[in-house]
Amino acid sequence: MTMTDTSATVVLDPNRNVPGVRRQGIGDALRAEWIKFWTVRSTSWSMVAMFVLGAGLTVLVRATSAEWLAGGEADENPASFVTWGMMFAQITAIVLGTLAVTSEYGTGMIRATLAATPSRGTVLVAKGVVLSATLFVAGTLTAFAGYVGGNWFLDNEGVGIALSDEGVLRAMFGSGLYMAGLGLLAAAVGLLVRHTAAALSIVLALVFVVGTMVFLLPGAWGEWLAKLMPGNAGSGITAPVSFNPNLLDPWIGFAVFSGEVAVVLLVAYLVFRRRDA
């Protein structure tokens, strides 16, 4: 019987035999976030809900109020109704922004995300880009759809609004910008509290309840506090003529709103960087 000589050790050349590990960059993170974002049902349903609420309600309200707006007894400007449904569509942006973050904590996916991309700043930037780009496009298309559908009824009554009229195009693209900003605000709060119900309660209360109640505060400081609330400051950009004459100028208000969102995002990033997954 013959025995074959064997070697006890294997010599590896680190420059040739060991495969290198490619460092994940922002492109890989964006691709991963895009896939995760569109493979959950909540994204598609939120997009459908935004379109139905934003465009559908705008068309419905303008169809039912066109005759009244054309009559002499109307006390509102027809341009105020161009994006009426977006007041309700903003709820879907808040829901989608919250779920983009908290759903990963609920399923434990955040641990796999951070294992693949250890840089938390890269993860946060990728999530923000995918979320805000999607909401900007969806919000703008929804605003245009509501304008086109509802303007047919106003044209028939002789009070149609042209795209070239002052503030109309700004309202179309402003609706997309405001939806993107709301989504980022909700995502930042979701990153801080890591709980879907808690994050939704905080942002919805801040935008709809607190933002309305502060108008009841007396004096100039109460008036300014109301103007600076995120929902009041940012929403002025979504309508050619606002129903509320006490809001800030549309672009100034949106700058204030963007600054508030940036501060909450910064705080969320600092907490996200220090906290365990």
In square nanometres, what is the average projected area of the Cα convex hull of the stretch 178-237? 4.2
Per-residue accessible area for Ser201 at 1.4 Å probe radius, Å² rounded to 10? 70
Among Leu225, Leu177, Leu200, which one moves the most in a GNM of the chain with springs linking Cα atoms closer than 10 Å? Leu225
Area accessible to solvent at Lys36, 1.4 Å probe radius, in Å²: 50
Per Stokes-Einstein, at 4 °C and 1.567 mPa s, what whole-number D in µm² s⁻¹ belongs to the stretch 11-141, with the Kirkwood radius over Cα pairs as the hydrodynamic radius? 72
When the chain is modelled as a GNM with alpha-carbon springs shorter than 10 Å, which of Leu53, Leu114, Leu228 fluctuates the most? Leu114
What's the Cα-based Rg to Rh of the stretch 197-277, Rh via Kirkwood? 1.05
Give, as ranges by residue number, the residues of the stretch 25-41 whose backbone N falls under 13 Å from the point 7 Å along Cα→Cβ of Thr107. 33-41
Given a 1.4 Å probe, how much area per residue of the chain is accessible, in Å²? 53
Rounded to two decimals, what is the ratio between the C-alpha radius of gyration of the stretch 127-277 and 2.2 N^0.38 Å? 1.16
Once you have a ≥ b ≥ c as the square roots of the Cα gyration tensor eigenvalues for the stretch 95-148, tell me rounded if a/c is under 1.5, and otherwise prolate or oblate according to whether a/b is larger than b/c. prolate
Local net charge near Glu104, Cβ-Cβ under 12 Å (Lys/Arg +1, Asp/Glu -1): +3
Average silhouette area of the stretch 138-205, convex hull of alpha-carbon atoms, in square nanometres: 5.8
Name the most mobile residue of Val241, Val214, Val130, meaning the one with the largest mean-square fluctuation, in a Gaussian network model of the chain with Cα contacts below 10 Å. Val214
P(r) of the chain in 5 Å steps, Cα pairs, percent per bin? 1, 6, 11, 15, 15, 13, 11, 8, 6, 4, 3, 2, 2, 1, 1, 1, 1, 1, 0, 0, 0, 0, 0
Could you look at the stretch 92-217 and say what percent of its accessible area is carbon and sulfur, using a 1.4 Å probe and all protein chains? 71
Report the gain in length on full extension from Asp249 to Trp68: 0.36 nm times residue separation, minus Cα-Cα distance, nm rounded to one decimal. 62.4 nm
What Kirkwood radius, in Å to one decimal, follows from the Cα pairs of the stretch 72-183? 16.1
Taking each full run of DSSP H in the chain as one helix, which ones are at least 24 Å long along their axis (Cα atoms) and have mean Kyte-Doolittle hydropathy of at least -1.0? 86-107, 120-156, 168-193, 250-274
Can you sort Leu96, Leu60, Leu248 by 1.4 Å-probe accessible area, starting with the largest? Leu60, Leu248, Leu96
Per-residue SASA entry for Phe215, accessible area with 1.4 Å probe, Å² rounded to 10: 80
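The values are calculated or read from the model by the stated rules, or taken from the named source; none is laboratory data. Computed from a prediction, not measured in an experiment: that's the story for all the values here. Every residue, glycine among them, receives a Cβ derived from its backbone with ideal geometry; neighbour counts consider all protein chains shown. Surface accessibility is based on the protein's heavy atoms, side chains included, excluding ligands, DNA and RNA. Shrake-Rupley method; radii C 1.70, N 1.55, O 1.52, S 1.80 Å.
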